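Each value in this text was obtained by applying a stated rule to the coordinates, not by laboratory testing. Predicted model only: the values in this text are computed from it and were never measured. Here the Cβ positions follow ideal geometry from the backbone for every residue, glycine too, while neighbour counts run over all protein chains shown.
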Amino acid sequence: MVASVEQVNVGPDIMDVYTSVPDGKGPFPAIVVIMNAFGVAEFTKTMCDRFAKEGYLAVAPDLFHTISDEMSEASGKSKRELLDDTQIISDVESTIGFLNSNPLVESGKMGITGFCCGGRIAWMMAAVSDSFSATIPYYGGNLFAVWGDNDVTPFDMANNINCPILFHFGENDDNPSQQDMLTLDKELTSLGKDYRFYTYPEAGHAFMDFSDKVRHNQRASAMSWPRTLDFLEKHVKN
């Protein structure tokens, strides 16, 4: 496995994309890993590396590339709170283009996953792009809210999701809550979507994040990971 930081053009801007390539000659199936609220930090990079060790060329775009520390301080908001759905879509679409132009990526075999706010984005991108064969949101909250100038919530986009969904929930999470899960379940059922939900007992938000010593739940993490790999094996690799 070889990791690097590549640069991708997004309009007039340049965005860093953490890239983890499996050992071997390829081509490889690909997975886009959407960062959590802390950006492309240790946890997100490690998840890319873990996917690469399973045979996926994994990339994590830096969705904070247009948001400076000064902008955050001046607004009194976190960088996550300054994310804009329209910009996010452009960033991830540019990441898809980067993968499609990479000879190491196997054509037509691409999935997307994300953690925390990244889970929300993984859901949204599966609705606005037909490039993905599977989407795997981990505890993606704020699905019923718009970010920035966009006027449609990710929940409102559910009908446009045309790939299988695997969604991991924490039982003790407030966002998404168990009531949110029931709402999503009802909507996806009514739309006839291919989906599977798992709820992990005694786990809260960010249960997968080993760098969060308070919220990390080893049992939930250990249970969800093979389910994720099996889902990708079925819908992306094969």
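Annotations for the structure displayed:
- Which listed residue is in contact with a strand residue (DSSP E or B) (Cβ under 7 Å, 6 or more places away or on another chain) and acidic (Asp, Glu), from Glu73, Glu106: Glu106
- Within segment 86-112, tally of residues that are under 15 Å from Val59 (Cα atoms) and either among the polar types (S, T, N, Q) or in a strand (DSSP E or B) (or both): 11
- Looking at Met110, Met71, just one residue is within 20 Å of the chain's Cα centre (by Cα) and either of a type in the set (A, V, I, L, M, F, W, C) or at positive phi (or both), and that residue is Met110.
- Checking each residue in segment 74-85 for being under 19 Å from the mean Cα position of the chain (by Cα), outside any loop (DSSP other than H, G, I, E, B), surrounded by fewer than 19 Cβ atoms within 10 Å (Cβ to Cβ) and not acidic (Asp, Glu) picks out only Leu82.
- Subset of segment 91-103 [of a type in the set (Ser, Thr, Tyr) and crowded, with 17+ Cβ neighbours inside 10 Å]: Ser94, Thr95
- Residue list for segment 213-238, restricted to those being surrounded by 15 or more Cβ atoms within 10 Å (Cβ to Cβ), assigned to a loop (DSSP other than H, G, I, E, B) and out of contact with any His (no Cβ under 9 Å at 6 or more places or on another chain): His216, Asn217
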